[in-house]
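Heads up: the structure comes next, in structure tokens.
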Amino acid sequence: MKKMAIVLAAGQGKRMKSKLYKVLHPVCGRPMVGHVVDAVRKAECDRVVVVVGHGAEAVQETLGDSVEYALQAEQLGTGHAVAQAESLLGAEEGITVVIAGDTPLISAETLRQLLSIHEREGAAATVLTAKLADPTGYGRVVRGPDGSVLRVVEHKDCSPEEAAITEINTATYCFDNRKMFEALRGVTNNNAQGEYYLPDVIGILKRQGDRVAACLLADPDEATGVNDRIAMSAAEKLMRRRINAQHQANGVTLIDPETTYIETGVTIGQDTVIYPGTTLRGSTSIGSDCVVGPAADLTDSIVGAGTTIRQTVAEGAELGEECIVGPFAYLRPGTKLGRHVKVGDFVELKNASVGDNSKVPHLSYLGDAVVGSGVNVGCGAITANYDGYNKFVTEIGDNVFVGSNVNLIAPVKIGSGAFIVAGSTITHNVNDNDLAIARPRQENKPGYADKIRARARSKKEKNNENGNA
């Protein structure tokens, strides 16, 4: 049977107090609505329609052509929102999942279970429910003597008896597609909010003699909806625990999961150890047998097997196998490290490739540079790559020794095997195996230090006499 999904994403989200459209706020690195669309896709829904309203263009830009869109120009309730998809799905035979775009914790497994119960029960509608200790604010699920669903009552419309019910409507449903759209035509806005409620479809179907089933969530946390920043942080924490547990199940050691922040798109190899305070974002991919952290921050970066990274920020960087990076290194976009590369403390690399077995141990900046293999870059050495308008490239061949406090003024090429003397400012190319020195010759003046000290002492005494500190 054909499966479809309608994702409700038209609400303005005023309680978020944000310029960003509510369902586009990220949870663990992905917009909330992206999590929902991903879940219904994994539940094998063939067509996905996202109902948009406020911020429609921003949602379309985020989700692209992977889904279809229906516009709810005026927000008149959830029933009205679903009705906007009739022009796209009204003629279809099959099952339609209806789900809110601000419920990022709903899993594909739960949706598959919901669909399975719906088909097994031969129901016209199936409600995903949860039992909460405090159901305040949620619609209540009213069951009949046989356990079937009689109706769903919004919190503000509950009688005292209905308000005492702890089983709540999660706002996720399965419907027979044709029957859903037919029943929506009978929904009215005669309620406390003056809105067209989707749950009213349940009562209409029951009065027609159709069966309405329920699927009770094993984990009520999945039903968490995000309406404000407090709820968003709660959802983030729950999802982060889920993500971390999955990595641990796959053979990754997290020393302290509560202080390890891993987004949804990250992959980590077996026997890698992640230390506290580490944040892994975007499409970051870490190989096996790595040590990451403490306090590492990696975004959209690739880390080869056996690499160690401590107290480092990396963005759009590629690190080869068995590298040692940090502490306090900064790898900016375009950084590429070969195998067995060492990048030490207070080193910044930007759009720079460093070959196998090379070392940049400390206090250096290499920008727009191509560094060969077996190179040693001394403390304080830099590439001067920018003239205020344009960037220029520095090329360093294999097995080059760059002394401490060397300035390489780009564009410049250093040949393989060259030796650059400490303190040099290099403005011209250096040939293979040449020694380059570019600094004034040292001059020693015998006994002159005493003269300098005497002059300074005399000046200080005069200042004191004149009342100057």
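Data overview
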read-out	value
Residue match in segment 242-264 (condition: more than 29 Å from THR307 (Cα to Cα), touching a residue at least 40 places away in the same chain (Cβ under 8 Å), outside the structural domain of PRO294 (by the TED database) and under 16 Å from the mean Cα position of the chain (by Cα))	no
Single residue of THR308, THR312, THR272, THR278 found to be among the β-branched types (Val, Ile, Thr) and surrounded by fewer than 22 Cβ atoms within 10 Å (Cβ to Cβ)	THR308
Filtered residue count, segment 59-116, keeping only those that are closer than 20 Å to TYR196 by Cα, part of a loop (DSSP other than H, G, I, E, B) and in contact with a helix residue (DSSP H, G or I) (Cβ under 6 Å, 6 or more places away or on another chain)	4
Test set (1) assigned by the TED database to the domain that holds HIS362; (2) within 30 Å of GLY13 (Cα to Cα); (3) not in a strand (DSSP E or B) - LEU280 fails condition number	(3)
Pick from segment 126-164, criterion out of contact with any Lys or Arg (no Cβ under 8 Å at 6 or more places or on another chain) and of a type in the set (Gly, Ala, Ser), ranking: surrounded by the most Cβ atoms within 10 Å (Cβ to Cβ)	GLY139
Residue match in segment 225-232 (condition: closer than 30 Å to LYS14 by Cβ, at pLDDT 95 or above, charged (D, E, K, R) and crowded, with 19+ Cβ neighbours inside 10 Å)	no
Unmet criterion (only one of (1) within 18 Å of ARG185 (Cα to Cα); (2) of a type outside the set (Asp, Glu); (3) buried (at least 16 other Cβ atoms within 10 Å of the Cβ); (4) over 29 Å from the mean Cα position of the chain (by Cα)) for ALA70	(4)
Failed condition for ARG15, given (1) in a helix (DSSP H, G or I); (2) surrounded by 24 or more Cβ atoms within 10 Å (Cβ to Cβ)	(2)
Residue count, segment 244-261 (criterion: hydrophobic (A, V, I, L, M, F, W, C) and surrounded by 19 or more Cβ atoms within 10 Å (Cβ to Cβ))	2
Number of positions in segment 123-146 that are without any contact (Cβ under 8 Å) to a residue 60 or more places away in the chain and part of a loop (DSSP other than H, G, I, E, B)	9
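The values are calculated or read from the model by the stated rules, or taken from the named source; none is laboratory data. Every value quoted in this text rests on a predicted model; they were computed, and no experiment measured them. Quick reminder, even Gly has a Cβ in these numbers, built from the backbone with ideal geometry, and neighbours come from all protein chains shown.
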